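Below: the structure, in C-alpha coordinates.
The values are calculated or read from the model by the stated rules, or taken from the named source; none is laboratory data. Keep in mind the model is a prediction, meaning the values are calculated, not measured. Don't worry about glycine lacking a Cβ; one is built from the backbone with ideal geometry, like all the others, and counts go over all protein chains shown. Just the protein is used for accessible areas: all its heavy atoms, side chains included, with ligands, DNA and RNA removed. Shrake-Rupley method; radii C 1.70, N 1.55, O 1.52, S 1.80 Å.
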Amino acid sequence: MPDRSELLEWYRRYLDACNRRVWDELGGLVADSVLVNGVPRTRAEYIEDLTGLIAVFPDYVWELRRSVIEGEWLAVHLRSTGTRVGEFMGVPGDGSRVETDEFDMYRIVDGRIVEVEGTADNARLCR
(Lines give C-alpha, C1' and ligand atoms only; values in the text may rest on other atoms or scores of the structure.)
Protein backbone atom coordinates (compact mmCIF):
# COMPACT_ATOMS: atom_id res chain seq x y z
CA MET A 1 0.00 0.00 0.00
CA PRO A 2 1.43 3.42 -0.92
CA ASP A 3 2.27 5.86 1.83
CA ARG A 4 0.43 9.16 2.27
CA SER A 5 2.78 11.24 0.09
CA GLU A 6 2.68 8.65 -2.73
CA LEU A 7 -1.13 8.50 -2.66
CA LEU A 8 -1.41 12.30 -2.71
CA GLU A 9 1.01 12.47 -5.63
CA TRP A 10 -1.09 9.82 -7.41
CA TYR A 11 -4.25 11.89 -6.79
CA ARG A 12 -2.58 15.07 -8.04
CA ARG A 13 -1.77 13.23 -11.29
CA TYR A 14 -5.42 12.19 -11.53
CA LEU A 15 -6.65 15.79 -10.98
CA ASP A 16 -4.07 17.10 -13.42
CA ALA A 17 -5.31 14.71 -16.13
CA CYS A 18 -8.89 15.84 -15.46
CA ASN A 19 -7.98 19.54 -15.48
CA ARG A 20 -5.99 19.13 -18.73
CA ARG A 21 -8.83 17.02 -20.26
CA VAL A 22 -6.44 14.17 -21.06
CA TRP A 23 -9.03 11.44 -20.58
CA ASP A 24 -6.87 8.63 -21.97
CA GLU A 25 -4.50 9.09 -18.99
CA LEU A 26 -7.36 8.02 -16.71
CA GLY A 27 -7.10 4.50 -18.14
CA GLY A 28 -4.18 3.81 -15.81
CA LEU A 29 -5.87 5.49 -12.84
CA VAL A 30 -9.46 4.21 -13.00
CA ALA A 31 -10.41 0.52 -12.84
CA ASP A 32 -12.36 -1.13 -15.67
CA SER A 33 -15.38 -1.19 -13.33
CA VAL A 34 -16.03 1.51 -10.72
CA LEU A 35 -18.74 1.70 -8.08
CA VAL A 36 -19.93 5.35 -8.08
CA ASN A 37 -22.27 6.25 -5.21
CA GLY A 38 -23.37 2.62 -5.16
CA VAL A 39 -23.94 2.34 -8.93
CA PRO A 40 -21.64 0.16 -11.07
CA ARG A 41 -20.04 2.13 -13.92
CA THR A 42 -17.54 1.19 -16.56
CA ARG A 43 -14.41 3.28 -16.96
CA ALA A 44 -15.90 4.68 -20.19
CA GLU A 45 -19.10 5.71 -18.36
CA TYR A 46 -17.05 7.27 -15.56
CA ILE A 47 -15.16 9.37 -18.12
CA GLU A 48 -18.44 10.22 -19.92
CA ASP A 49 -19.71 11.70 -16.66
CA LEU A 50 -16.64 13.95 -16.51
CA THR A 51 -16.85 14.97 -20.16
CA GLY A 52 -20.56 15.73 -19.74
CA LEU A 53 -19.70 18.19 -16.98
CA ILE A 54 -16.96 19.72 -19.13
CA ALA A 55 -19.44 20.19 -21.99
CA VAL A 56 -21.45 22.51 -19.73
CA PHE A 57 -18.46 24.10 -17.95
CA PRO A 58 -15.58 23.94 -20.48
CA ASP A 59 -13.09 25.67 -18.20
CA TYR A 60 -14.03 23.68 -15.08
CA VAL A 61 -11.08 23.19 -12.72
CA TRP A 62 -10.84 20.98 -9.65
CA GLU A 63 -8.52 22.22 -6.90
CA LEU A 64 -7.52 20.01 -3.99
CA ARG A 65 -8.11 21.80 -0.68
CA ARG A 66 -7.85 19.04 1.93
CA SER A 67 -7.36 15.31 2.14
CA VAL A 68 -7.61 12.49 4.65
CA ILE A 69 -6.22 9.02 4.04
CA GLU A 70 -7.24 5.83 5.81
CA GLY A 71 -6.13 2.52 4.36
CA GLU A 72 -7.43 2.19 0.78
CA TRP A 73 -9.60 5.31 1.16
CA LEU A 74 -8.73 8.86 0.16
CA ALA A 75 -11.21 11.55 1.22
CA VAL A 76 -10.88 14.94 -0.47
CA HIS A 77 -12.39 18.40 -0.32
CA LEU A 78 -12.24 20.05 -3.72
CA ARG A 79 -12.96 23.64 -4.71
CA SER A 80 -14.23 23.77 -8.29
CA THR A 81 -14.71 26.73 -10.60
CA GLY A 82 -15.91 27.18 -14.15
CA THR A 83 -18.09 29.10 -16.58
CA ARG A 84 -21.59 27.76 -17.31
CA VAL A 85 -22.05 27.83 -21.09
CA GLY A 86 -24.63 25.05 -21.38
CA GLU A 87 -27.80 24.08 -19.57
CA PHE A 88 -27.26 22.59 -16.12
CA MET A 89 -30.08 21.28 -13.93
CA GLY A 90 -32.61 23.33 -15.93
CA VAL A 91 -30.59 26.56 -15.76
CA PRO A 92 -29.50 27.87 -19.16
CA GLY A 93 -25.90 28.52 -20.04
CA ASP A 94 -25.40 32.24 -19.63
CA GLY A 95 -21.64 32.64 -19.22
CA SER A 96 -21.86 32.83 -15.43
CA ARG A 97 -18.71 32.12 -13.43
CA VAL A 98 -19.49 29.54 -10.77
CA GLU A 99 -17.73 28.05 -7.78
CA THR A 100 -18.62 25.08 -5.64
CA ASP A 101 -17.26 22.60 -3.14
CA GLU A 102 -17.09 18.86 -3.67
CA PHE A 103 -16.45 16.13 -1.13
CA ASP A 104 -15.38 12.72 -2.41
CA MET A 105 -14.09 9.48 -0.99
CA TYR A 106 -12.08 7.31 -3.36
CA ARG A 107 -11.16 3.70 -2.74
CA ILE A 108 -7.85 3.03 -4.47
CA VAL A 109 -6.73 -0.55 -5.11
CA ASP A 110 -3.53 -1.35 -7.00
CA GLY A 111 -3.23 2.28 -8.13
CA ARG A 112 -6.73 2.53 -9.60
CA ILE A 113 -10.02 4.00 -8.45
CA VAL A 114 -12.44 1.14 -7.78
CA GLU A 115 -15.06 3.03 -5.78
CA VAL A 116 -16.16 6.64 -5.32
CA GLU A 117 -18.65 8.10 -2.87
CA GLY A 118 -19.13 11.79 -3.43
CA THR A 119 -21.26 14.84 -3.38
CA ALA A 120 -20.99 18.36 -4.77
CA ASP A 121 -22.95 21.48 -3.94
CA ASN A 122 -24.52 21.51 -7.43
CA ALA A 123 -27.07 24.16 -6.43
CA ARG A 124 -24.21 26.66 -6.42
CA LEU A 125 -23.50 25.78 -10.06
CA CYS A 126 -26.99 27.03 -10.96
CA ARG A 127 -26.66 30.55 -9.53
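Here is how the numbers come out for the structure above:
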read-out: Scan of the stretch 108-119 for residues that are crowded, with 16+ Cβ neighbours inside 10 Å and either β-branched (V, I, T) or modelled with pLDDT under 85 (or both), ordered by number; value: I108, I113, V114, V116
read-out: Qualifying positions in the stretch 52-63 - of a type outside the set (S, T, Y) and either over 13 Å from the mean Cα position of the chain (by Cα) or in a loop (DSSP other than H, G, I, E, B) (or both); value: A55, V56, F57, P58, D59
read-out: Residue list for the stretch 39-48, filter: outside any helix (DSSP H, G or I) and either under 13 Å from the mean Cα position of the chain (by Cα) or polar (S, T, N, Q) (or both); value: T42
read-out: Selection count where residues are free of Cβ contacts under 8 Å to residues at least 40 places away in the same chain and either assigned to a helix (DSSP H, G or I) or of a type in the set (V, I, T) (or both), scope the stretch 1-38; value: 13
read-out: Qualifying residue in the stretch 39-48 (condition: in contact (Cβ under 8 Å) with a residue 12 or more places away in the chain and farther than 26 Å from E6 by Cα); value: no
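One line per residue, one yes/no per condition, for (1) open to solvent by 30 Å² or more (accessible area, probe 1.4 Å); (2) in contact (Cβ under 8 Å) with a residue 24 or more places away in the chain; (3) under 20 Å from V22 (Cβ atoms); (4) in a strand (DSSP E or B):
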| residue | (1), (2), (3), (4) |
| --- | --- |
| L50 | no, yes, yes, no |
| I69 | yes, yes, no, yes |
| L74 | no, yes, no, yes |
| R79 | yes, no, no, yes |
| G93 | yes, yes, no, no |
| E99 | yes, yes, no, yes |
| F103 | yes, yes, no, yes |
| Y106 | no, yes, yes, yes |
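Yes/no matrix, rows are residues, columns are (1) touching a Phe, Trp or Tyr at 6+ places or on another chain (Cβ under 7 Å); (2) within 24 Å of E9 (Cα to Cα); (3) among the hydrophobic types (A, V, I, L, M, F, W, C):
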{"site": "R41", "(1), (2), (3)": "no, no, no"}
{"site": "A55", "(1), (2), (3)": "no, no, yes"}
{"site": "R66", "(1), (2), (3)": "no, yes, no"}
{"site": "F88", "(1), (2), (3)": "no, no, yes"}
{"site": "R107", "(1), (2), (3)": "yes, yes, no"}
{"site": "T119", "(1), (2), (3)": "yes, yes, no"}
